[in-house]
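Derivation of every value follows stated rules applied to the coordinates shown; laboratory data play no part. Every value quoted in this text rests on a predicted model; they were computed, and no experiment measured them. In this analysis, Cβ positions are derived from the backbone assuming ideal geometry, glycine residues included, and neighbour counts consider all displayed protein chains.
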Amino acid sequence: MIFEKNNNIKIKDELSHTLLAPVRVVWQSDGVDFGERLITEPKSQVYMQAQGCVLQPGSGLLLDFGMELPGGVRIVTGCSDAGIKKIHLRFGESVSEAMNHPNNDHALHDMMLEVPSHGMVCYGRTGFRFVRIDCDAAVTEPLILCGVFAEAIYRDLPRVGNFECDDAKINEIYKTAVRTVHWNMQDYIYDGIKRDRIAWIGDMNPEIKVILNVFQDTDVVKKSLDFVRDLYPLPKFMNNISSYSLWWIINQYEYFFHCNDRPYLLEQRDYLTGLLKQLCQDVLVNGSENLSGKRFLDWPTKNNENALHAGLHGLLAWTFRVGAELCSALQENECMNQCRKMYQRMLLHQPECNNNKQAAAMLTIGGVRDCSDVLLHEPFSGISTFYGYYMLMAQPVSSALKLIRRYWGGMLDFGATTFWEDFDLAWTKNAYPIDSLPIKGKEDIHGSFGNYCYRGLRHSLCHGWSGGPAAYLAESVLGIRPLTPGFKTAIIQPNFAGLDYIKGSVPTPWGPITVEGEKGKVKITKPKEVNAEPNLQCVAAVKNQCVFF
């Protein structure tokens with residue numbers, strides 16, 4: 001190879017690059033001719049005498065690539081005697097973002113760029129669906145665009161897990177949730193492909209659950225967990241947030257129980273047991289959590305001290321419960337017994353959730369108290385895209401499916417092709433979709449809303465923490481979950497919850513488990529290495545007869 005004789009550090013790119021042509025010209029100003037050629041006759045390479053779209057000085061157009069994508073653009077230009085030209089290039093996750101002045105935090109979205117005559121420029125590493133290009137008004141000759149392509153950059157991994165049912169909206173929600181997480185599987189697991197392009201360990205939990213239920217190749221999970229662990233040696237908390245260290249333990253548990261990767265778990269022994277022992281010091285004699293450091297669940301609970309305490313209490317209890325399981329697998333009996341002792345002590349303190357749904361979900365999942373009634377009261381309000389996943393887990397499947405249809409489906413109704421960092425159904429009352437030009441008298445659902453650190457156009461429209469429904473449908477409708485590490489024994493409890501038909505698969509180390517059926521009869525196909533008994537494991541199905549193959 002040409003590189004063999006030099007001393008450069010060589011890093012193999014784990015990601016694939018794919019070019020996609022635009023599907024629609026959303027808008028073009030006066031002075032633009034033949035914009036349709038970018039869709040019907042795009043040129044991905046430089047060609048002599050190629051015809052293209054012509055932009056007169058000061059004119060511009062907006063292109064739609066059909067779905068949110070991670071990556072940048074390739075711009076192919078035609079011949080011009082004027083040589084180098086300047087363009088104003090803008091990326092947008094929405095039409096509104098691309099037509100305004102996008103925020104350049106985390107990834108550049110709004111810039112002046114030089115392009116050659118009869119050449120090519122590749123630019124950008126962000127998240128976008130729309131691209132606006134304006135020819136600088138100061139140039140003397142038109143700009144000829146022979147092709148403008150999205151260069152999608154992603155992990156090209158086969159999707160082993162899948163889900164479908166007789167409800168088309170739920171099917172689209174599943175696909176969109178998987179796509180949202182898949183696009184965020186970059187060099188590490190990111191929170192967002194535009195922002196935050198950061199490995200936040202707590203926010204990763206819904207993403208990791210989706211990855212484990214969809215992909216056989218889960219190396220990026222280990223890589224991301226180790227990356228954050230090494231950045232924050234004990235006694236520091238991960239991302240400098242105490243609850244995020246709790247999520248690291250829960251993430252380790254989820255990975256181990258899905259994959260039974262014992263060599264990897266052994267590598268975590270010292271850090272894991274050290275962290276659990278450190279956390280034991282954060283439980284008071286009366287059983288109450290007393291976590292130090294920055295206290296955080298998610299942004300909506302940031303200034304609600306009662307909800308924050310109740311949610312952290314449930315989360316810490318959950319952590320000790322799964323921490324004991326990991327210590328048992330490691331034969332760390334002393335630490336295991338400490339975790340079990342702390343868990344039992346924490347059950348003695350049962351804080352009120354004060355009708356906060358994040359806190360209610362954590363107390364319920366942590367086994368401290370059943371607060372599912374809080375989740376069923378005004379079920380479509382007080383939801384967050386991050387903790388929405390745990391709200392689904394902490395309520396009956398029938399009501400959870402209604403929430404999935406209404407809340408995540410509400411984003412689809414307004415043009416989403418990936419799920420968002422933040423969303424409130426109240427925003428939709430008088431708003432126009434993200435793929436539409438402004439409509440007089442209507443609100444811009446991207447630019448006009450959002451809270452906390454994600455107001456307006458800074459708001460990410462492809463945020464991995466919002467992908468939870470894909471994991472939920474696998475775990476609670478298909479009902480496939482590991483009972484012991486690596487699915488040596490499995491729980492397979494299909495729950496139709498009002499659906500007439502379900503079908504899907506979940507990867508295991510031995511091959512996929514597949515569930516397919518209608519009410520009354522279900523066919524389950526599993527690897528021979530997976531032990532599951534139909535008379536025990538199908539109890540959650542509605543009068544259905546489970547037949548194993």
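A few remarks follow.
- Residues Asp500 and Ser292, FRET efficiency given R0 of 41 Å [Cβ-Cβ distance, rounded to 0.05]: 0.20
- Taking 0.36 nm per residue of sequence separation and removing the Cα-Cα distance, the Lys175/Lys440 pair yields an extension gain of 92.2 nm.
- Remark: spin-label model distance Lys302-Ile198 equals 1.1 nm, labels positioned 7 Å along the Cα→Cβ axis.
- Dividing the helix sum by the residues of the chain, where each DSSP H run of 4 or more adds -39500 (n - 2.57), gives a mean residue ellipticity at 222 nm of -9000 deg cm²/dmol.
- The slack between Asn104 and Thr140, meaning 0.36 nm per residue of separation minus the straight C-alpha distance, is 10.0 nm.
- Between Val285 and Asp370, residue separation times 0.36 nm minus the direct Cα-Cα distance comes to 28.3 nm.
- Along the axis of the charge dipole computed for the chain (Cβ charges of +1 for Lys and Arg, -1 for Asp and Glu, origin at the Cα centre), the listed residues Pro206, Phe128, Val23 are led at the positive end by Pro206.
- Annotation: amide H-H contacts under 5 Å for Thr418 (H modelled 1.01 Å from N, sequence separation of 5 or more, or interchain): Glu68.
- Tensor-based shape of segment 162-474 (alpha-carbon gyration tensor, a/c under 1.5 rounded, otherwise prolate or oblate): prolate
- The loop-placed GluC sites (Glu not before Pro) in segment 247-354, going by DSSP, that have at most 16 neighbouring Cβ atoms within 10 Å of their Cβ come out as Glu352.
- Basic side chains Lys and Arg get +1 at the Cβ, acidic Asp and Glu get -1 at the Cβ, and with that the dipole of the chain about its Cα centre reaches some 1000 debye.
- Loop-located trypsin sites (Lys or Arg not before Pro) in segment 1-109 (DSSP state other than H, G, I, E, B) with a sparse environment of at most 10 neighbouring Cβ atoms within 10 Å: Lys5, Lys10, Lys12.
- Note on Glu352/Ser399: beta-carbon distance plugged into 1/(1 + (r/R0)^6) with R0 of 25 Å gives a FRET efficiency of 0.70.
- Table column - 3J(HN,Hα) (Hz), segment 329-335, Karplus curve with 6.51, -1.76, 1.60, x for Gly and Pro: 5, 8, 6, 8, 5, 4, 5
- Here segment 162-474 is treated with +1 on each Lys and Arg Cβ and -1 on each Asp and Glu Cβ, and its dipole about the Cα centre works out to around 420 debye.
- Residues in segment 270-284 carry Karplus couplings, in order, of 5, 5, 4, 5, x, 5, 4, 5, 5, 5, 4, 6, 9, 10, 6 Hz; the curve used is 6.51 cos²θ - 1.76 cosθ + 1.60 with θ = phi - 60°, and Gly or Pro positions show x.
- Looking at segment 373-519, the DSSP beta bridges with both ends there are about 80 percent antiparallel.
- DSSP beta bridges fully contained in the chain are about 90 percent antiparallel.
- Relative exposure of His313, His106, judged by other C-beta atoms within 10 Å (fewest first): His106, His313
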